[in-house]
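The values are calculated or read from the model by the stated rules, or taken from the named source; none is laboratory data. Keep in mind that what you see is a predicted model, and the values were worked out from it rather than measured. Cβ placement follows ideal geometry from the backbone for every residue including glycine, while neighbour counts extend to all protein chains displayed.
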Amino acid sequence: MAPTRLLRPVLGFGVVCLVAAAVGLAVYAAYFHTPGPVYRYPVGVGMMLCSVLVVCSVQTVLLSAQLIRAACKEIPDSEGDCWNSMCCRTYDVVYFIAMTTVSFFFFIGSCVGQPWTPPDAVVWSLVLGLVNASNLLLAWARREEAKLRAKVTGHLPMDGGVPGDKVAVEPGSGSCVNKECLEATARDRLQFLNHLLRVLALLFFAMMLGGAWVQGIGYAQHGGSAAPGTFLEVRYGLGRQRFHVWCDGPVNASRPTVWLETGGGHTMYDLLGIHRGLVRAGWRACAYDKPGMGLSDYGFANQDDSYHYPLIQATGERGPFVVAAWGGGVNLAWEFARTHRENVTSLILMDCYDDEFEFRQDRFVRNLTEAEMERRREEAFGSRVFLHDVIRTVGVQWGLMFVFAGGGTDRATFQPQEYYDAYRFLNSYNEKSWTYQYFAMVDHFRHPYPFQNNTISRDIPLLVMASRTNDTAQCIKNKQPLDSQACRDAIRRHDYAYEYKLGTATYTDQSQVATCQDCTLGFPVEESQWTTGEILRYLDGLPTIA
């Protein structure tokens, strides 16, 4: 009975872990598409680790229960069952050595990326390590138990099947005709299913190891002391958050500081080419990571833009500012100019659109009705939710983001090149940024901000920078015949976008326009030298601060 006293706590441990994994899986699933309860938190890794833990905890329960049964009845556990032969018992030991090893390395990978990788990944991987180590000991005990019984019975449990005198099979059909045979068949099928789940869990977990180390090493290489700038803790209405900010350049009382804003799934690293160019030209510039992006803290569940002005104040930078926004960053820049006019010397908009533009453009090009446009909006929302789900689970967790984020700016055109790896990793290769992007996408669809409807003072100087695509070259690149409807639609789409951007120059009485010919929407990153040159030309024409 001594072995039984030792095995029952192990059985209890397996049951507790199984229940915890099931509860964790349910909680993570509930918050996969819903922010909260406190933060917009990455739940993909926790959900997948709990899935693996369910399988591993079931093994703990099965192995310990089998050993308890054998000890209590003083018979070999499942003797005669082919899945419990000596060969399979040896396989069990090897399997759990592999699972314990993967758990150990996953735990290390999760620790390396702290404090930016989810801390619950550390906890779950540690629990997985303990569970699989327990399973390894149990599997070893079952193997030794078989060898010990061999000394008494004179044979090892090598022969599969149920003893012949207990089996009744219908001649010619192979069908079972008695209870023992039916039970043996059912047991065989369950054992097969169990071993199949084991193999799938190992493959699944081993693939996740790649994602854990990509994120752990990425944050270790590019976070902390390796990151440019500084980390500021800001307290405001929603709570307290730590922001990654980089303000650099000479302080000049007669020159305003340039405050850089990005939008969507972008970090401060996207605009470091412009940032460096401004600093080298004698201007002071600031860039930062939004809550949930880059190296800043996670966003709150009810995250809004109320952090913006407290963050600017926390930097200690003296206003007024030139606020330069790219893409979706226009919403913050525009609202800041509207509510803090005294702190804004000028606005610079680089390929900026309002949140509704994409679908108005589609309506124009395809001659859609309002109802058709709304239907296309819902279809686009559904497909993007699905894509984000795949990225936050398979893509990031299995280290496959090179498949999903293989495009974008290449190293040759990115400036400064020493930050290219950080730019790629912090934008695309971690679950934290994709969690932010998912909820930003939901906000974009469900709560659009039409900035042009919120007027700003017409005396604010404005520079509109717009990309102008070479339509012919674009059609050729997309392998669209120049006389095809697809090419004509692409040209109409580009023309509509360009005219829209020129239209934003009418929102103030002091505006200028700079066009980046043969450029894409990513010109602030891909053509940072040209962009910086145009910004400097514009800044030199602004009046000095009195």
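Would a scan of segment 206-213 turn up a residue that is within 23 Å of the chain's Cα centre (by Cα), assigned by TED's automatic domain parsing to the domain that holds Leu295 and under 28 Å from Met48 (Cβ atoms)? Reasoning before the result, please.
Going through segment 206-213, the residues within 23 Å of the chain's Cα centre (by Cα) turn out to be 206-213.
Going one step further and asking which of them are assigned by TED's automatic domain parsing to the domain that holds Leu295, we end up with none.
Within segment 206-213 (the criterion being within 23 Å of the chain's Cα centre (by Cα), assigned by TED's automatic domain parsing to the domain that holds Leu295 and under 28 Å from Met48 (Cβ atoms)), the answer is no, since none of the residues qualifies.
Would you confirm, using the coordinates I've provided, whether Pro228 is crowded, with 21+ Cβ neighbours inside 10 Å, within 23 Å of Asn430 (Cα to Cα) and under 24 Å from the mean Cα position of the chain (by Cα)? Break it down into steps so the answer makes sense when it comes.
Values: crowded, with 21+ Cβ neighbours inside 10 Å: no; within 23 Å of Asn430 (Cα to Cα): yes; under 24 Å from the mean Cα position of the chain (by Cα): yes.
When the stated conditions are applied, Pro228 does not pass them.
Considering Thr339, Thr369, which residue is among the polar types (S, T, N, Q), farther than 27 Å from Ala486 by Cβ and in the same structural domain as Glu534 (by TED's automatic domain parsing)?
Values: Thr369 fails: farther than 27 Å from Ala486 by Cβ.
So the residue among Thr339, Thr369 that is among the polar types (S, T, N, Q), farther than 27 Å from Ala486 by Cβ and in the same structural domain as Glu534 (by TED's automatic domain parsing) is Thr339.
Just the residues that are without any contact (Cβ under 8 Å) to a residue 40 or more places away in the chain, surrounded by 13 or more Cβ atoms within 10 Å (Cβ to Cβ) and of a type outside the set (Asp, Glu), please, taken from segment 486-499.
Step one: list which residues in segment 486-499 are without any contact (Cβ under 8 Å) to a residue 40 or more places away in the chain, which gives 486-488, 490-491, 494-495, 498-499.
Now restrict to residues that are surrounded by 13 or more Cβ atoms within 10 Å (Cβ to Cβ): 487-488, 490-491, 494-495, 498.
Within segment 486-499, Cys487, Arg488, Ala490, Ile491, His494, Tyr498 qualify.
Quick one: in segment 97-129, of everything that is part of a helix (DSSP H, G or I) and without any contact (Cβ under 8 Å) to a residue 24 or more places away in the chain, which residue is farthest from Val16 (Cα to Cα)?
Going through segment 97-129, the residues part of a helix (DSSP H, G or I) turn out to be 97-112, 119-129.
Cutting the leftovers down to without any contact (Cβ under 8 Å) to a residue 24 or more places away in the chain gives us 101, 107, 119, 122-123, 126.
Details: Thr101: 22, Phe107: 20, Pro119: 21, Val122: 18, Val123: 15, Leu126: 15 Å.
Only one residue fits best here, namely Thr101.
Just to verify a result, which residue in segment 234-245, among those that are under 24 Å from the mean Cα position of the chain (by Cα) and of a type outside the set (S, T, N, Q), is surrounded by the fewest Cβ atoms within 10 Å (Cβ to Cβ)? Walk me through how you get there before you give the answer.
Start the filter on segment 234-245 by keeping residues that are under 24 Å from the mean Cα position of the chain (by Cα), which leaves 238-245.
Right, trim to of a type outside the set (S, T, N, Q) and you get 238-240, 242-245.
Details: Leu238: 15, Gly239: 13, Arg240: 9, Arg242: 15, Phe243: 24, His244: 24, Val245: 23.
Among residues in segment 234-245 that are under 24 Å from the mean Cα position of the chain (by Cα) and of a type outside the set (S, T, N, Q), the one surrounded by the fewest Cβ atoms within 10 Å (Cβ to Cβ) is Arg240.
Go over the candidates Gly237, Gly277, Gly216 one by one and state the one that is closer than 26 Å to Ala121 by Cβ and in contact (Cβ under 8 Å) with a residue 60 or more places away in the chain.
Working: Gly237 fails: closer than 26 Å to Ala121 by Cβ; Gly277 fails: closer than 26 Å to Ala121 by Cβ.
Of the residues listed, the single one that is closer than 26 Å to Ala121 by Cβ and in contact (Cβ under 8 Å) with a residue 60 or more places away in the chain is Gly216.
Among the residues in segment 528-539, are any at positive phi, surrounded by 12 or more Cβ atoms within 10 Å (Cβ to Cβ) and in the same structural domain as Leu332 (by TED's automatic domain parsing)? Break it down into steps so the answer makes sense when it comes.
Looking only at segment 528-539, we keep the residues that are at positive phi, and these are none.
For segment 528-539, residues at positive phi, surrounded by 12 or more Cβ atoms within 10 Å (Cβ to Cβ) and in the same structural domain as Leu332 (by TED's automatic domain parsing): absent.
If you scan segment 462-485, which residues turn out to be on the phi < 0 side of the Ramachandran plot, under 33 Å from the mean Cα position of the chain (by Cα) and free of Cβ contacts under 8 Å to residues at least 24 places away in the same chain?
First, pick out the residues of segment 462-485 that are on the phi < 0 side of the Ramachandran plot: 462-478, 480-485.
Next, only the ones that are under 33 Å from the mean Cα position of the chain (by Cα) stay: 464-469, 474-475, 477-478.
Hits for segment 462-485 are Gln474, Cys475, Lys477, Asn478.
Going residue by residue through segment 374-387, is there one that turns out to be acidic (Asp, Glu) and either crowded, with 16+ Cβ neighbours inside 10 Å or under 30 Å from Gly541 (Cα atoms) (or both)?
Start the filter on segment 374-387 by keeping residues that are acidic (Asp, Glu), which leaves 374, 378-379.
Filter again for either crowded, with 16+ Cβ neighbours inside 10 Å or under 30 Å from Gly541 (Cα atoms) (or both), leaving none.
Scanning segment 374-387 turns up no residue that is acidic (Asp, Glu) and either crowded, with 16+ Cβ neighbours inside 10 Å or under 30 Å from Gly541 (Cα atoms) (or both).
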